[in-house]
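The values are calculated or read from the model by the stated rules, or taken from the named source; none is laboratory data. The model shown is predicted, which means the values in this text are computed figures rather than measured ones. With ideal geometry, Cβ positions are generated from the backbone for all residues, glycine too; neighbour counts draw on all protein chains shown. Keep in mind that these areas ignore ligands, DNA and RNA; they rest on the heavy atoms of the full protein, side chains included. Shrake-Rupley method; radii C 1.70, N 1.55, O 1.52, S 1.80 Å.
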Amino acid sequence: MVFSTPVFLFCYLTLVLAVYYLSPVRVRNLVLFIASLLFYFWGEQIYFLIMIWSTAIDFTHGLLVDRWKRAGKLRLAKGAVASSVIMNLALLFFFKYWDFIAASLQSIGISFMPVLGIHLPIGISFYTFQTMSYTIDVYRGDARPQKSILRFGTYVTLFPQLIAGPIIKYKEIADQLEERTHSFDRFASGVCIFMVGLSKKLLLANTLGRIWEIYKVMPQGMSVLGAWLGAIAFTFQIYFDFSGYSDMAIGLGRMLGFEFLKNFNYPYTAVSVTDFWRRWHISLSTWFRDYLYIPLGGNRVRPARWVLNLMIVWAVTGLWHGASWNFMFWGLYYGILLVLEKLVLGKYLEKLPSFLRHLLTMLIVVVGWVLFGLENGGMPAYLKVMFGGGPLLDPGALYLLRSYLPALIAAAVGSTPFVSGLFEKIPEEGRGFLRLILVAGSLAVCTAYLVADTYNPFLYFRF
Amino acid sequence: MKKIQNILITLIFVGFIGLMGLLTFLLPAKRFSENENRYLQEFPTKITVKKIMDGSFIEKFSDYASDHVPLRDTWVHMKAALERASGRRENAGVLLGEEDTLFMIQKDPDPGIYERNLKAVNKLTESCSVPVYFGLIPTAASVWKDRVPGGAITADEDYYIDLMNQGSKATALDVSGVLKEHAGEYIFYRTDHHWTSLGALYGTNLILEKLGLETIDPDSLNWTRVSDSFYGTSWSRSGAFWIPPDEIWTCVPEEGIEFTSWITGSPKISTVYHPEMLEKKDQYSYFLGGEQGLAVLKTDHQGPKVLLIRDSYADSLSPILAMRCSEVHMFDMRYNKMSVRDYIEENEIDYCVILYGFETYFTGSDIVLIGR
């Protein structure tokens, strides 16, 4: 179920909130668990069994790791961690990467793996990562093992974050699974964040996405302006879509008494690539840092090994985003840039005025998104047009620029802390009142966009 | 203070989504959306394990929830107004042009479809015993270019129509050229993709000219306005509620035309004009009453028997064409799978005219049946 649909917002969420708050506190995890399974079943039907399987594996492995660790059988405990990791990765590998690897091998003439046409169960990249982090944390002593499968199941399936993150590590919400506070203040702040997220998704991401729709197929006569417009629109689309989803997840979490960590911190204000990755999809970068980069030795190794570590981490990060070569290249692109920045360019870059560093970073990011967004190797041709390989302007691009200029400006301003800074300057009483107006207004506006999306005039038989 | 505000925010949010959710199911279900011209999803009452496991129940339930959002049309209108307010001159695939004119955006068509269609046209032309004429009607966006928002991205219809005319073995009818000569007149509806009766008259004259028949002087006809409240499909799709309605005119009396309609699937004598349709949203169905696989107009005139292979653009054209013909037969390939060639033989047709609007021809998959 997608958050920005009438069936989620008006039917599912209403029902879940009603049942949740009418239930006694001690059964609320059960309510959430069932509600979350329904949520997943709604979109994936039978594939919800995979999620249950993943839950069961990690629940039992967590208990085993804990038991053997306490009994001093460290090798067995380690083995249990390995077994959990292997089982999770095997699931992920099969459903997400089998066809990709099979097709890649076949293209070079190796055909022992058939292409199976496997359905990718939504959210599998998220929940396998979450459950893996649990057993590892139990082994490391960073988390206490969860004795209740219901609580653990609630954690894994928790619907706000199930299909698009953020990737919540078990240790971050272990306490909240046992006890969390519900209050009007918390609920209202959840509503505000949810509405910000929904507005980002419906008003900015979907709107600007229409420009990228036009340019990603590289229409005939695409001009330099058009190519840039498309790339910049996609840059904003992906940010507002993804961070909008994270905001909605955080907001929904708060409505249910949970507190998730921030997933984006104004990434497009970054002044270096390192800075960008500290601000973009934070829950993923910290996951890779904690469970891959550091175990590989991090930066406490010889420089050559460190570079290798980084390249592994970034190739995997790229591939995590999708089973396709362009994602891996996109990951490696950042790996290389980060190494360059840390080893060579960093000290020069620091001397530049910050707006230049910002501009340079954004250039890297925009080019990165072109690489990310074009799955069929269209990137070189697209970049060629961006950097002068086409007419400068075309009427279509000017039309789109004129049509979408207000949205582009809103997106640019919305990518900075400017608006929230302005909001903080308003005196407390005014702020509360404004918040009320904004919630009501954005509910109406978002509903209009939400409903219009489902409006499908059937014209065929009237021609 | 802050506490009260937070309680209010909670109440507004929960109250709004709760009310929307409840009303979705409590308000009586609508069967048909006139604005969208389609049947809405019915509430799925048959629940079986199979339907739940294969997702079909879920899909229908979701569609029901989407189709029955309270005040649905109002939300759609609101979105259209917001889009306009934020500087956009298009919404939902419709361009908001000058002079309150709406244009359907045309995507560049798929060669796989139009090349197959052209082959079918040529096959019919070569294999049937009567002369075949072939005309494609551009949309208003191609004729009223000065009203289209500058730079708007829509297919170059003339390019594709020329491509078809060059490749066709039938005698081409330059509908686009004729309409452009009359671009200053009310030849297309502003809120609908169809041509007006005046546009259809110019189309008729082009056909008559090619068939060697006497053309019709618009001024010699008795023009009657039958509606001033026609909101067409581009209006519905765009949600641009502020655009004023169109007028519908007729120029040919229905007396003297015997009209056999297959609208129910079997032949029935009907009227050419359907005033009852003017009470409904889809007023264009005033002409001939709506879609039908086969329709035949017979008159007492001395003149040829013409077969039109057509879409709904011919609904308003056929009564005018009938002024110079003894019979006008109309085939809509979407609902009529008979062999065109056999029909021509059996009914002693003199001329065959293939006449399609841009979008039907370039996206239609049933047109290939012409060649059978």
*Once a ≥ b ≥ c are taken as the square roots of the eigenvalues of the Cα gyration tensor of segment A:186-414, is the result rounded (a/c under 1.5), prolate (a/b larger than b/c) or oblate (a/b not larger than b/c)?*
oblate
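Leaving out ligands and nucleic acids, and using a 1.4 Å probe, what accessible area per residue does segment A:36-109 come to in Å²? Please list the in-between numbers first.
Working: 3740 Å² over 74 residues.
Counting only protein heavy atoms, the per-residue value for segment A:36-109 is 51 Å².
Once you have a ≥ b ≥ c as the square roots of the Cα gyration tensor eigenvalues for segment A:1-143, tell me rounded if a/c is under 1.5, and otherwise prolate or oblate according to whether a/b is larger than b/c.
Values: a/c = 3.38, a/b = 1.12, b/c = 3.01.
In terms of gyration-tensor shape, oblate.
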*Peptide A:39-50 - average C-beta neighbours from other chains (10 Å radius)*: 2
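Eigenvalues of the Cα gyration tensor times 5, then square-rooted: what semi-axes does that give for segment A:68-216, in whole angstrom, largest first? Mind dumping the intermediate values first?
Numbers: eigenvalues 206, 197, 20 Å².
Largest first, segment A:68-216 gives 32, 31, 10 Å.
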*At 0.36 nm per residue, minus the direct Cα-Cα distance, what do residue A:392 and residue A:352 gain on full extension? Give it in nm, one decimal, please.*
11.4 nm
*When all protein chains stay in place, what accessible area (Å², nearest 10, 1.4 Å probe) is found for residue A:84?*
0
*So who's got an amide H within less than 5 Å of the one on residue B:168, skipping anything under 5 residues away but keeping other chains? H placed 1.01 Å off N, in plane.*
none
_Selection from B:223, B:273, B:234 lying farthest towards where the dipole of segment B:218-279 points positive, charges on Cβ_ = B:234
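Using the structure shown, select from B:30/B:280; A:96/B:60; A:216/B:145; B:107/B:145 the pairs with a Cα to Cα distance greater than 18 angstrom.
A:96/B:60; A:216/B:145
Using the crude model of +1 on Lys and Arg Cβ and -1 on Asp and Glu Cβ, and no other charge, please compute the dipole size for chain A relative to its Cα centre, in debye to 20.
Values: 39 positive and 25 negative charges, 235 e Å.
With Lys and Arg at +1 and Asp and Glu at -1, about 1120 debye.
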*For segment A:307-435, give the magnitude of the charge dipole about the Cα centre (Cβ charges: +1 Lys/Arg, -1 Asp/Glu; no others), in debye to the nearest 20.*
220
*So how much accessible area does residue B:129 have, in Å² to the nearest 10, using a 1.4 Å probe?*
80
*If each of residue A:311 and residue B:34 carries a label point 7 Å out from its Cα toward its Cβ, how far apart are those two points in nm?*
6.9
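Give me a single rounded figure for B:84-90: the average over its residues of other chain Cβ atoms within 10 Å of their Cβ.
Numbers: counts 0, 1, 8, 6, 9, 3, 3.
Average per residue, whole number: 4.
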*asked:* Give the lysines reachable from residue A:78 as a straight Cα distance under 26 Å; neighbours fewer than 8 places away on the same chain don't count.
replied: A:69, A:147, A:169, A:171
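Could you sort B:134, B:25, A:418 by accessible area so the largest value comes first, with the probe set to 1.4 Å? Let's see the in-between values first.
Numbers: B:134 0, B:25 75, A:418 120 Å².
Heavy-atom accessible area, descending, gives A:418, B:25, B:134.
Can you tell me what share of the DSSP beta bridges in the protein assembly as shown is antiparallel? A percent to the nearest 5 is fine.
Details: 25 of 44 bridges.
DSSP beta bridges in the protein assembly as shown are roughly 55 percent antiparallel.
Divide by every residue of chain A the summed helix terms, -39500 (n - 2.57) for each DSSP H run of at least 4, and state the resulting mean residue ellipticity at 222 nm, rounded to the nearest 500 deg cm²/dmol. Intermediate values should be presented prior to the final figure.
Details: 21 runs with 306 residues, N = 463.
When only DSSP H runs of four or more count, the value is -21500 deg cm²/dmol.
What shape does segment B:188-296 have by the C-alpha gyration tensor, where a ≥ b ≥ c are the square roots of the eigenvalues, rounded means a/c under 1.5, and otherwise prolate means a/b greater than b/c and oblate the rest? The partial results should precede the final answer.
Working: a/c = 1.83, a/b = 1.21, b/c = 1.51.
Oblate, because a/c is 1.5 or more while a/b does not exceed b/c.
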*Debye intensity ratio in log₁₀ form over the Cα atoms of chain B, taken at each q of 0.08, 0.09 Å⁻¹*: -0.48, -0.60
*When chain B is treated as a GNM, springs tying every alpha-carbon pair under 10 Å, which of B:110, B:246, B:350 comes out with the largest mean-square fluctuation?*
B:110
*Can you tell me how much longer the chain between residue B:27 and residue B:258 gets when fully stretched, taken as 0.36 nm per residue apart minus their C-alpha distance, in nm with one decimal?*
78.7 nm
*lysines near residue B:298 by alpha-carbon distance under 20 Å, same-chain residues fewer than 8 away left out - which ones?*
B:268
*asked:* Students often check this: by mean Cβ neighbours within 10 Å, which of A:169-176, A:254-261 ranks highest, and how do the rest follow?
replied: A:254-261, A:169-176
*asked:* With every protein chain left in place and a probe of 1.4 Å, what is the accessible surface of residue A:74, to the nearest 10 Å²?
replied: 90
*On average, how much area does the Cα convex hull of chain A cover when viewed from any direction, in nm²?*
27.5
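For segment B:2-70, compute Rg over Rh where Rg is the Cα radius of gyration and Rh is the Kirkwood radius from the inverse mean 1/r over Cα pairs. Don't skip to the end; give the middle numbers.
Working: Rg = 16.3 Å, Rh = 14.1 Å.
We get a ratio of 1.16 for segment B:2-70.
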*Kindly state, to the nearest 0.05, the FRET efficiency for residue A:360 paired with residue B:110, given R0 = 35 Å and r defined as their beta-carbon distance.*
0.25
*asked:* Give me the base-10 log of I(q)/I(0) for the protein assembly as shown at each q in 0.07, 0.10, 0.11 Å⁻¹, Debye formula, one uniform scatterer per Cα, rounded to two decimals.
replied: -0.67, -1.18, -1.32
*Return the Cα extents of segment B:132-176 along principal axes one, two and three, sorted largest first, each rounded to a whole Å.*
37, 14, 9
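Treating the beta-carbon of each Lys and Arg as +1 and of each Asp and Glu as -1, no other charges, what is the dipole magnitude of segment B:2-70 about its Cα centre, to the nearest 20 debye? Walk me through the intermediate numbers first.
On the way: 9 positive and 7 negative charges, 62 e Å.
Dipole magnitude for segment B:2-70 comes out near 300 debye.
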*Near residue B:363, within a Cβ-to-Cβ distance under 10 Å, what is the net charge of the other residues, with Lys and Arg +1 and Asp and Glu -1?*
-1
*Just counting partner chain Cβ atoms within 10 Å, what average do the residues of peptide B:62-70 show around their Cβ?*
6
*Kyte-Doolittle at least -1.0, axis length at least 18 Å by Cα - qualifying DSSP helices, chain B*: B:2-26, B:72-85, B:111-127, B:197-211
*Determine, for each peptide in B:327-334, A:27-34, B:39-46, the mean count of other beta carbons within 10 angstrom over its residues, then list the peptides with the highest first.*
B:327-334, A:27-34, B:39-46
*Is any helix in chain A, taking whole DSSP H runs, at least 30 angstrom long along its axis by alpha carbon and on average at least 1.6 on the Kyte-Doolittle scale, and which ones?*
none
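If you take the accessible area of B alone plus A alone and subtract the pair, what total do you get in square angstrom, rounded to 100, with a 1.4 Å probe?
On the way: alone 18460 and 22780 Å², together 35540 Å².
For chain B against chain A, roughly 5700 Å² becomes buried.
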*What is the distance in Å between the Cα centres of segment B:43-65 and segment B:166-217?*
48
